[in-house]
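Data first, discussion second: the structure below is written as structure tokens.
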Amino acid sequence: MTGVETRGGARDSLFLLADIRVEQSLDVHRVRVRNLSDGGMMAEGNLRVQRGHRVEVSLRNVGNVPGSVAWVQDDRFGIAFDEAVDSQKARLPLQGGELLDAAVITPSWSQSSPQPLQPSTARKI
């Protein structure tokens, strides 16, 4: 990893537990969520994953979220979600017996990465 900040969305540090299932495995692993944004998360745990692995994360109040491992460093790794989620729901206390609506939402410009530059619209300086 480099010292250059490449992430596009706002994220908050927190401490949550989540369950992760790695591609084509039936085993579920408990990990610590160190930070979470609408587009991804950083997890920590005794789980050996590699960049590119497909995963499904079970976040409280959000549900099962598919994504892929974006980076790995020691026992920490980043996951990029396939679709944006409402990360604020994971911060809410658990409601006894109450099911929340699906947490997949339409990404907002304030939380998503900028679109890639199109060479046909670029201007030389």
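The values are calculated or read from the model by the stated rules, or taken from the named source; none is laboratory data. For clarity, every value in this text was computed on a predicted model and none was experimentally measured. Methodologically, a virtual Cβ is constructed for each residue, glycine included, from the backbone with ideal geometry; neighbour enumeration extends over all protein chains shown.
Within the range 57-75, if we keep just the residues that are of a type in the set (D, E, K, R) and surrounded by fewer than 16 Cβ atoms within 10 Å (Cβ to Cβ), the residue that is farthest from Val28 (Cα to Cα) turns out to be Asp74. Of all residues in the range 67-94, those satisfying the criterion of being among the hydrophobic types (A, V, I, L, M, F, W, C) and under 12 Å from the mean Cα position of the chain (by Cα) are Val69, Ala70, Trp71, Phe77, Ile79, Ala80, Phe81, Ala84, Val85, Ala90. Only a single criterion out of (1) at pLDDT 90 or above; (2) more than 10 Å from Ile79 (Cβ to Cβ); (3) more than 10 Å from the chain's Cα centre (by Cα) is not satisfied by Thr2, namely (1).
Among the conditions (1) under 22 Å from Lys89 (Cα atoms); (2) under 11 Å from the mean Cα position of the chain (by Cα), Arg60 misses just one, which is (2). Residues of the range 26-72 that are out of contact with any strand residue (DSSP E or B) (no Cβ under 7 Å at 6 or more places or on another chain), assigned to a strand (DSSP E or B) and either at pLDDT below 95 or not hydrophobic (A, V, I, L, M, F, W, C) (or both): Gly63 alone.
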